[in-house]
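**Q** Supplied in structure tokens, the structure appears directly below.
What follows draws every value from the coordinates through simple rules; no lab data is involved. Since the model is a prediction, treat every value here as computed from it, not as a measurement. Here Cβ is always computed from backbone atoms with ideal geometry, including for glycine, and neighbour counts include all displayed protein chains.
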Amino acid sequence: MVKRCLETAPDDRWQSARDLEWELRSVLSVPAATPARPRYWLLSAAFTLLALLLAGVALIYFKGTPERPATVRMSILLPEKSRVQSLAMSPDGRELAIVLVQEGKQQIQARALDSLELVPLAGTEGAASPFWSPDSRYIGFFADAKLKKIERGGGPVQTLCDALGGWGGTWNRDGDILFSTDALGTVQRVAASGGAVTDVPHEQGTIQAYPFFLPDGEHYLVRRGRLLGAPDAGIWLNSIKSSRARRILPDYTSAEFVEPGAGSQMGTVLFARDGTLMALPFDTKRLEPAGSLAPVAQRAGSAAGRWNAIRGFLAYVSGHGDTWKYVWRDRQGRNLGVAGDAGVAVSISPDGNRLVGDYHGIRVLDFAQGQRTQVTFGNVGQDPVWSPDGRWIAFAGIGGIYRKAASGAGISELLCPGKSLMVPKSWSPDGRFIMYAQLNPGSEVDLMAIPVEGDRKPFAVVQTPANEDQGQFSPDGQWVAYTSNESGVSEVYVIPFPPTADGGRWLVSKGGGVMPRWRRDGKELFYISPDNQMMAADVTTKPVFRSGDPHSLFQTGIVDTGIRTGPMSWDIGRDGRFLIISETSTEASITVVLNWRPVESK
């Protein structure tokens, strides 16, 4: 009886206390032989007492082991015409922090699971990529080229450090925050109270994003690789104490870790593969995979921040596609059609017949014929711009700025080498200069230019302690519109070109603005407001520059690229139509799985 109670396999034990009671009564009902000596009677009494004790233990065991609660799925319906940028579940499983884009306003809204209301958190406008403190007290997020935090119930926002183009953050129990940025592509550390930023040990030359701590607070998962298909691309296990790293999965995606249950050392690595959320059992002691892959949720998307899990809870954006589209709009904002799948940047050719974007590399699309020409492959290149004659395309690549024939023929030519990030923004109408944004140590961005021919020596267009970006030549080449955050808010300014010490400067936007573009005849200047409105201002450039009061044209629905002063995600054609990179999905719901259990090791 004792042996059967202790069998390893559950099916080999008694299945209920009633079965064990029946067995005990059967044993006690068998007549016992008359003992020859008194010690046999004592031994029989001892076994009887042991049997009764076992019965009591079994009764407690069977009654004290509750059945696993059933898995429950529910949908959180969101406001109409809204979309989720990212979400994060609090470690205590009580609340979701949702970055919601609604009527052009992007903001963190909190949703307690025992409530029906979304609560906007004031001060989180423009927020992206939220993550929680381990005690569920604070929410960390990126906004205005900064890393910030706010208490879960709201209150004043605290700025922790500079972070241009956040690529995810994670927070351990020791008060360390790890984060990565689009600008630098490395993991950095800052205290949860703010202060100096330090680099985390890493292999030189690697690009890393979306760190996520393991329970020990030392090791973390990270997406590594410059691009999809690179030899080092995949999900890696790193340490904040050593530069040694190990790849655990080849998938080029963000990953998260779900802690083990009580008394277990088996956690779960969650990641996305072809739009499906996948789970991999992972031994937290051996720090290695310990089981087979299993699908968790279909149509959960591959973009970082669209899903999050803790022990017992899983949340993901339902049916949310990751594909963005080029959408034509008129001045009233009416949808005039879709031109195809998009990346994060777009530029219309000078003749208005083609566009160039960064979709799986640099790609040219002919509007009339629908023909697509792949200029670069393997996700190589970003932020392409046209030469004024339409023959060349300049783009940012590894190690500097390149140009290549728009036909895709030939090889890429390095125009301007550099160790820091250098991104072309505009090519002068006379073909002589390319204007580009350059990231400097300390994360500030300057606006620079290089002559396309000759010595190609770079010179500053705008250079201050603030961030200057998105420079655009006017149609006559004598003016530059650009974005600067020197006032604390990104605004659109105009200066003469070439720049001079006494050339003057004019503020065009009011209340914030990014992504300026000139009308093809130079008589209007457009930009995107903080609430994603297409704004227009009448301008004159002769004899001096003047601009009128900006006014709204329409709500753009422009995509969030993670850095509003980064890629130019819209352009204007020769006929006055606007081409905007936008999401066309109207689905707006979040699936929450209660009593969710990760896959078990095998």
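**Q** Return the Rg/Rh ratio of segment 324-582 with Cα-based radii and a Kirkwood Rh.
**A** Numbers: Rg = 16.9 Å, Rh = 18.2 Å.
In segment 324-582, Rg relative to Rh is 0.93.
**Q** Continuing with this model, one more query. Which pairs break 25 Å Cα to Cα here: LYS146/LYS425; LYS425/LYS523; LYS81/LYS523; LYS425/LYS510?
**A** Details: LYS146/LYS425 23 Å; LYS425/LYS523 21 Å; LYS81/LYS523 33 Å; LYS425/LYS510 23 Å.
Correct reply: LYS81/LYS523.
**Q** Now a separate question. What is the spin-label model distance, in nm, from ARG244 to GLU288 if the labels are put 7 Å beyond Cα along the C-beta direction?
**A** Each label point lies 7 Å from its Cα, and together they span 1.3 nm.
**Q** Just the C-alpha atoms of segment 175-317: what Rg/Rh do they give, with Rh taken as the Kirkwood radius? List each step's numbers first, then the result.
**A** Values: Rg = 14.7 Å, Rh = 15.6 Å.
Reported Rg/Rh, Kirkwood definition of Rh: 0.95.
**Q** Shifting gears a bit: Translational D (Stokes-Einstein, µm²/s) of segment 319-365 at 4 °C and 1.567 mPa s when Rh comes from the Kirkwood sum over C-alpha pairs?
**A** On the way: Rh = 11.7 Å.
Roughly 110 µm²/s, to the nearest whole number.
**Q** Moving on to the next point. Rounded to two decimals, what is the ratio between the C-alpha radius of gyration of segment 160-207 and 2.2 N^0.38 Å? Kindly include the intermediate steps, with their values, before the conclusion.
**A** Details: Rg = 10.4 Å, N = 48, 2.2 N^0.38 = 9.6 Å.
Its radius of gyration relative to the 2.2 N^0.38 Å reference: 1.08.
**Q** Between ASN335 and ARG137, what is the FRET efficiency for a Förster distance of 25 Å, r being their Cβ-Cβ separation, to the nearest 0.05? Let's see the in-between values first.
**A** Numbers: r = 43 Å, r/R0 = 1.73.
Taking R0 as 25 Å, the efficiency between ASN335 and ARG137 is 0.05.
**Q** Can you grab the distance from the C-alpha centre of segment 405-473 to the C-alpha centre of segment 557-571, Å, no decimals?
**A** Between the Cα centres of segment 405-473 and segment 557-571 lies a distance of 19 Å.
**Q** Over segment 324-582, what is the mean sequence separation of C-alpha contacts under 8 Å (at least six apart), divided by residue count, expressed as relative contact order in percent? Display every interim value, and only then the final one.
**A** Working: 701 pairs, mean separation 39.9, N = 259.
In percent, rounded to a whole number, it is 15.
**Q** Also, quick follow-up: I need the calculated FRET efficiency for the pair GLN374 and ASP274, taking r as the beta carbon distance and R₀ as 22 Å, to the nearest 0.05. Mind dumping the intermediate values first?
**A** Working: r = 21 Å, r/R0 = 0.97.
That gives a FRET efficiency of 0.55.
**Q** Using the alpha-carbon centroid of each, what span in Å lies between segment 102-132 and segment 146-201?
**A** Using only Cα atoms, the two centres lie 19 Å from each other.
**Q** Tally Lys and Arg at +1 and Asp and Glu at -1 over the other residues with C-beta under 13 Å from the C-beta of GLY155: what net charge comes out? Numbers along the way, then the final one.
**A** Working: positive: ARG137, LYS148, LYS149, ARG152; negative: GLU151.
After counting each charged neighbour, the total is +3.
**Q** Moving to a separate point now. I'd like the chymotrypsin sites (Phe, Trp or Tyr not before Pro) in segment 390-449 restricted to DSSP loop residues with at most 10 other Cβ atoms within 10 Å, sorted by number.
**A** Values: sites: TRP392, PHE395, TYR402, TRP427, PHE433, TYR436; in loops: none.
Passing both the DSSP loop test and the Cβ count: no residue.
**Q** I would also like to ask the following. Based on alpha-carbon positions alone, could you give the equivalent ellipsoid semi-axes of segment 429-552 from the gyration tensor, as √(5λ), descending, whole Å?
**A** Working: eigenvalues 101, 68, 30 Å².
That gives 23, 18, 12 Å for the three semi-axes.
**Q** So which trypsin sites (Lys or Arg not before Pro) in segment 374-473 pass both tests, a DSSP loop state and at most 15 other Cβ atoms within 10 Å of the Cβ? Spell out each step's value before the answer.
**A** Values: sites: ARG391, ARG403, LYS404, LYS419, LYS425, ARG432, ARG456; in loops: ARG391, LYS419, ARG432, ARG456.
Within segment 374-473, the qualifying trypsin sites (Lys or Arg not before Pro) (loop, at most 15 other Cβ atoms within 10 Å) are ARG391, LYS419, ARG432, ARG456.
**Q** Something else about it: Could you please report the charge total around GLU413, scoring K, R as +1 and D, E as -1 over all other residues with beta-carbon less than 14 angstrom from its beta-carbon?
**A** Values: positive: ARG391, ARG403, LYS404, ARG456; negative: GLU453.
Local net charge: +3.
**Q** Using DSSP to define loop residues, name the GluC sites (Glu not before Pro) in segment 103-185 whose beta-carbon has at most 14 other beta-carbon atoms within 10 Å.
**A** Numbers: sites: GLU103, GLU117, GLU125, GLU151; in loops: GLU103, GLU117, GLU125.
Sites meeting the loop and neighbour criteria: GLU103, GLU117.
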